[in-house]
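Remarks on the structure that follows.
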């Protein structure tokens, strides 16, 4: 049975719903969608290597998580309910100081497992030892855009090292020659990267035609410090450095003002909303979704890392986004369910430059099936409402990425081994940190 | 296999964790907890009618949902993303006008199923045709406190009818003689019930020694109208009517000021926080958890009905509560995970006057088992953090109420029939409403 997993083959997915229409889907053995429609099962039954009975499930494009730090799943629940600075300096950084490449591998394995289990097929990652992350992603079968977190702390020597590390990662990722994995440049934030560092990142990304992944305007302090130092808020400052491009994913964006949103729209930037993380860390403001979308920026969705969320369930995140937008901006009509669903899939694919995020003939088969034989989809008055407000990722039955089946009827090969490996790595990490001389 | 479900029998639950200690639990055949501890399996193995292998799961008291309208699950997703008044007048009320007793039965069946599936063993319900709700609860095997939504719209004639309906429900519930089901008085809110109606409810509840279930201070308009009409905000006005008692569950409580919180504390009122509903409907303020708990009120948790949430997952709701409190009150240390867990179980049981909400020898066996062989509990640095921030109700494997197994390894007998019955009732309801003359 395991040989149906993880490889491209022709697949007939029978009896699913797309946009409320009962259809079948045929996946070619090159990983693309061959046909979608009523009666496709009759036309293609003989041709399929594998037949999946959808049993009336909702077929959706796989979700795209546009901001996370996958390996941080090893730190899930290690420290919560703390002030941001204490949390970082007393808990997260001391533990991260003991992280090994094997830890990054196991943390990323665990995160990929969780993403597959909850319907996410692609993610935008920023961390370090990213060659290990790439190994985990290769094995898991999903898509990732991997960036090394570039932090020069305004030091010229350190900047050189970070440029080198960034160049090395790009080279390493390219050498994998894996169409599911891309590299991006990852300048961490304006408060950790010098102007010269930001400019180098912008130029290097343009030259290499790759993405930029950066934290923008997460806290009020970031904005007030930026205005004090540069005489302008983060967005125009980043624009001066060349960072705002259609290849840029700006994570958080909580404190952008209306003019900054207009600038992001003008530059075609993708703005990754991370509502759970922002609420948990009390950022005190929600990303201005309405200004960003009116300005033509690309609003998308991310979970942030598991140390500050603490899971990777994009269905849960989409609900939290829809609720937080309504609550903070005081209007129950903001971010209706269909738009939240777009953010989670289509807009996310656009943010990462992926040819996915839609179910269309010729597009890569990144398909998830969400059960309708489950209380969260009963009754089924409105598909988008149920998906956003009622379901969690646990309603996903089947996950297919690039034509390969990664989960079928909630079964993922090797799940228990990944859980055990990650649990052991996390326990060993904490022990190393505890045993280390203070 | 089905004969292990839904009846009291002696049960040995082996290999679970309680407060981070590995233990076994023995449940007596009268539905109470007989023993908890290491080695209990050796002592009781021969005596148990049923042995459940916990496989390292976390054993918790079953959760208690302190504010919902269970039958509204039939309206799940029927209308969302609208202004409150339009939502009620254009969508919800016109559909509710066509509800039949059978609809209330099927809606409550569906909700009970969803609660069992997500670890909730007791709920506080307010709706109408509650005899049908009682029938559904009896069959499901969980606990409920049922109240008829008393709405006199300031009309004396209607008040008489509502008093009669309330008295009838109490009589009907008592005649069931089901220890899992209680009745409460359900004055809907200060803007739908006259002062005389509120006073009657308070006196009747005191005389019958039963609970009071009421919506309090959900919107700012409720407060400003109350001040304009009565010269005081809702809490002291309700206190004048005798409504604030230790048997009272006040739902929402978003707009209470600090003095009102002190009054609720003094009167021993339970305040049911409903964060998802409040965010979705843009109430613009979060229940002041910190003032209420400092004042000695009993903060507990509710999902509200599925027309405004849109599910009954108390794990999800507890996370949303912990996030919203931090975000709105701008302090990441407010409502830490252990306190959110208390709200969801122990405080909820106290709110409904149930002898449950804890795992203790002699207490009724209301026990849920949450898997640890799952990504949301991997790694397991901190149990409370994982349960609140990482897990959803889908991590619950086994649900036991009053010593009866209601779900085992996520199996619930008759699940598909309940889903089908509820789906049909919902579709028929919408059709009746559409076919009705305008």
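The values are calculated or read from the model by the stated rules, or taken from the named source; none is laboratory data. What you see is a predicted model, and the numbers here were worked out from it, not measured in a lab. Quick reminder, even Gly has a Cβ in these numbers, built from the backbone with ideal geometry, and neighbours come from all protein chains shown.
General remarks:
- Residue among B:130, B:126 that alone is farther than 22 Å from residue B:344 by Cα and surrounded by 24 or more Cβ atoms within 10 Å (Cβ to Cβ): B:130
- Residue within segment A:424-433 that is more than 13 Å from every other protein chain (Cβ to nearest Cβ) and more than 20 Å from residue A:121 (Cα to Cα) present: yes
- Every residue from segment B:199-223 that is more than 30 Å from residue B:364 (Cα to Cα) and either touching a helix residue (DSSP H, G or I) at 6+ places or on another chain (Cβ under 7 Å) or touching a residue at least 60 places away in the same chain (Cβ under 8 Å) (or both): B:200, B:216, B:217, B:218, B:219, B:220, B:222, B:223
- Taking (1) surrounded by 24 or more Cβ atoms within 10 Å (Cβ to Cβ); (2) touching a strand residue (DSSP E or B) at 6+ places or on another chain (Cβ under 9 Å); (3) closer than 28 Å to residue B:322 by Cβ in turn, residue B:279 satisfies each apart from (2).
- Criterion (more than 27 Å from residue B:302 (Cβ to Cβ), surrounded by fewer than 17 Cβ atoms within 10 Å (Cβ to Cβ), touching a helix residue (DSSP H, G or I) at 6+ places or on another chain (Cβ under 8 Å) and free of Cβ contacts under 8 Å to residues at least 60 places away in the same chain) met by exactly one of B:51, B:23: B:51
- Exclusive hit being in a strand (DSSP E or B), buried (at least 23 other Cβ atoms within 10 Å of the Cβ), modelled with pLDDT of 95 or more and under 15 Å from the mean Cα position of the chain (by Cα), set A:121, A:137: A:121
- Meets criteria (under 21 Å from the mean Cα position of the chain (by Cα), modelled with pLDDT of 95 or more and more than 12 Å from every other protein chain (Cβ to nearest Cβ)) for residue B:396: no
- Some residue of segment B:80-102 being part of a strand (DSSP E or B) and under 24 Å from the mean Cα position of the chain (by Cα): no
- Filter result for residue A:56 (touching a helix residue (DSSP H, G or I) at 6+ places or on another chain (Cβ under 8 Å) and at pLDDT 95 or above): no
- For segment B:104-141, residues that are over 30 Å from residue B:200 (Cα atoms), away from chain A (no Cβ under 14 Å) and in contact with a strand residue (DSSP E or B) (Cβ under 6 Å, 6 or more places away or on another chain) total 2.
- Residues in segment A:308-341 that are out of contact with any strand residue (DSSP E or B) (no Cβ under 9 Å at 6 or more places or on another chain), at pLDDT 95 or above and in a helix (DSSP H, G or I): 10 in all.
- Close pairs (6 angstrom Cβ cut-off, 6 or more residues apart or separate chains): not assigned by TED's automatic domain parsing to the domain that holds residue A:150 in segment A:165-176, surrounded by 14 or more Cβ atoms within 10 Å (Cβ to Cβ) anywhere: none
- Residue match in segment A:334-341 (condition: more than 10 Å from every other protein chain (Cβ to nearest Cβ) and surrounded by fewer than 24 Cβ atoms within 10 Å (Cβ to Cβ)): yes
- You will find that of B:73, B:111, the residue that is in contact (Cβ under 8 Å) with a residue 24 or more places away in the chain, within 20 Å of residue B:411 (Cα to Cα) and outside any strand (DSSP E or B) is B:111 and no other.
- For segment B:282-301, taking the residues that are farther than 16 Å from residue B:249 by Cβ and within 14 Å of chain A (Cβ to nearest Cβ), the one that is surrounded by the most Cβ atoms within 10 Å (Cβ to Cβ) is identified as B:283.
- Residues that are away from chain B (no Cβ under 13 Å) and touching a helix residue (DSSP H, G or I) at 6+ places or on another chain (Cβ under 8 Å), drawn from segment A:402-423: A:405, A:406, A:408, A:413
- Of all residues in segment A:348-382 being surrounded by fewer than 24 Cβ atoms within 10 Å (Cβ to Cβ) and facing chain B (nearest Cβ under 8 Å), the one that is farthest from residue A:8 (Cα to Cα): A:381
- Members of segment A:1-11 found to be under 17 Å from residue A:62 (Cα atoms) and over 26 Å from the mean Cα position of the chain (by Cα), listed by number: A:11
- Selection from segment B:156-190 of residues that are surrounded by 14 or more Cβ atoms within 10 Å (Cβ to Cβ) and either at pLDDT below 95 or under 25 Å from residue B:400 (Cα atoms) (or both): B:173, B:174, B:176, B:178, B:180, B:181, B:182, B:183, B:184
- Hey, residue B:388 within 13 Å of chain A (Cβ to nearest Cβ), surrounded by fewer than 24 Cβ atoms within 10 Å (Cβ to Cβ) and touching a helix residue (DSSP H, G or I) at 6+ places or on another chain (Cβ under 7 Å) or not: no
- Filter result for residue A:29 (farther than 26 Å from residue A:347 by Cβ, assigned to a helix (DSSP H, G or I) and touching a residue at least 24 places away in the same chain (Cβ under 8 Å)): no
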